[in-house]
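Shown next, in structure tokens, is the structure this report addresses.
The values are calculated or read from the model by the stated rules, or taken from the named source; none is laboratory data. These numbers come from a predicted model, not from an experiment. Here the Cβ positions follow ideal geometry from the backbone for every residue, glycine too, while neighbour counts run over all protein chains shown. Protein only, heavy atoms only, side chains kept; ligands, DNA and RNA dropped before computing areas. Shrake-Rupley method; radii C 1.70, N 1.55, O 1.52, S 1.80 Å.
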Amino acid sequence: MNLELQIPNHIGIIMDGNGRWAQEKGMPRTMGHKSAIKTLKELCLHMADVGVHYVSLYAFSTENFKREKSEVDFLMDLFISSFQKEFQFLIEKDVRVCFSGRREPLPEKVLQAMDKIVEDTKNNQKFTLNICLNYGSHAEIVDTTRKICEKYHKGEISLEDITEEYIQKNLYQDLPPLDFVIRTSGELRISNFMLYQASYAEFYFPKVYFPDFTVEEFDKAIVEYHKRNRRFGGIQK
Ligand code: IPE
Ligand code: IPE
Ligand code: MG
């Protein structure tokens, strides 16, 4: 990869299209989710090499519980096995894992596997992998508002303490704003992903389904990011 390219500090990836990827090959949707894990492993290794600092991965939305029970159960089992096996390499690769989302109603075994990988990687420094699992931006805004109101009611903060920075600090994770959001599969929407964090992000919508989002596709995305002119409400330089 061209080292002159600007690397976004915080990348969001909406990993979409697993089901269609499998269905178009005549396989059950679940095979698409399985295949996505392989793609993700390669991407993580690559991202560690290119010097990304934060990556937020949309793995399961609060709305995804509307899916058939068999698919939800498959995904929950896949999360457990991924955190216990496939993603163990993150420990050696110096990647810190954290999660964003509601714990309720995730199964206890999933929560245990999540807590374990967080604990095992808590001192790692290469980059932060924030996995959005049972995540929804609306739920995050509700949960953050409740957290802040509670502190206000206890007299721990005053109204003036509630600033933009304070709200950010009280989101599920205190991470820098998103610079670049990639959604695979050609859908042109963000489906309740990090509304607060993505306020000035650049967006990129490659047509490939997530299992085909290879490191080459990732590099193409970075080339595209490099061409963008971010103004943040100011004037063109
Ligand atoms: C994304 O792929 C993975 C999850 C939402 C868990 P999908 O399962 O949404 O695949 P499509 O969009 O139906 O093809
Ligand atoms: C968004 O994909 C959620 C994840 C990728 C985890 P969906 O497939 O659930 O989104 P919609 O339903 O097409 O908007
Ligand atoms: Mg989808």
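If you wrap the Cα atoms of segment 144-212 in a convex hull and average its projected area over all directions, you get 5.7 nm². Leaving ligands, DNA and RNA out of it, work out the accessible area of M76 with a 1.4 Å probe and give it in Å² to the nearest 10. About 10 Å², ignoring ligands and nucleic acids. Within a straight-line Cα-Cα reach of under 29 Å, K93 can be paired with the following lysines, leaving aside sequence neighbours fewer than 8 residues apart in one chain: K34, K38, K41, K85, K109, K116, K122, K126, K169, K220. Of the GluC sites (Glu not before Pro) found in segment 1-103, the ones in coil according to DSSP and having at most 15 other Cβ atoms within 10 Å of their Cβ are E4, E24, E68. Considering only the Cα atoms of segment 69-158, their convex hull presents on average a projected area of 7.5 nm².
Dipole orientation for segment 10-130: of the candidates T30, G12, F99, T30 has the Cα lying most toward the positive pole (charges on Cβ; Lys, Arg +1; Asp, Glu -1).
When N is the residue count of segment 1-44, what does its C-alpha Rg come to as a fraction of 2.2 N^0.38 Å? Intermediate values should be presented prior to the final figure.
Details: Rg = 14.1 Å, N = 44, 2.2 N^0.38 = 9.3 Å.
Segment 1-44 yields a ratio of 1.52.
Diffusion coefficient (Stokes-Einstein, Kirkwood radius over C-alpha pairs, 4 °C, 1.567 mPa s) for the chain: 69 µm²/s, rounded to a whole number.
Roughly speaking, what % of Cα-Cα pairs in segment 56-118 are separated by over 13 Å, rounded to a whole number? Value for segment 56-118: 65 percent of Cα pairs lie more than 13 Å apart.
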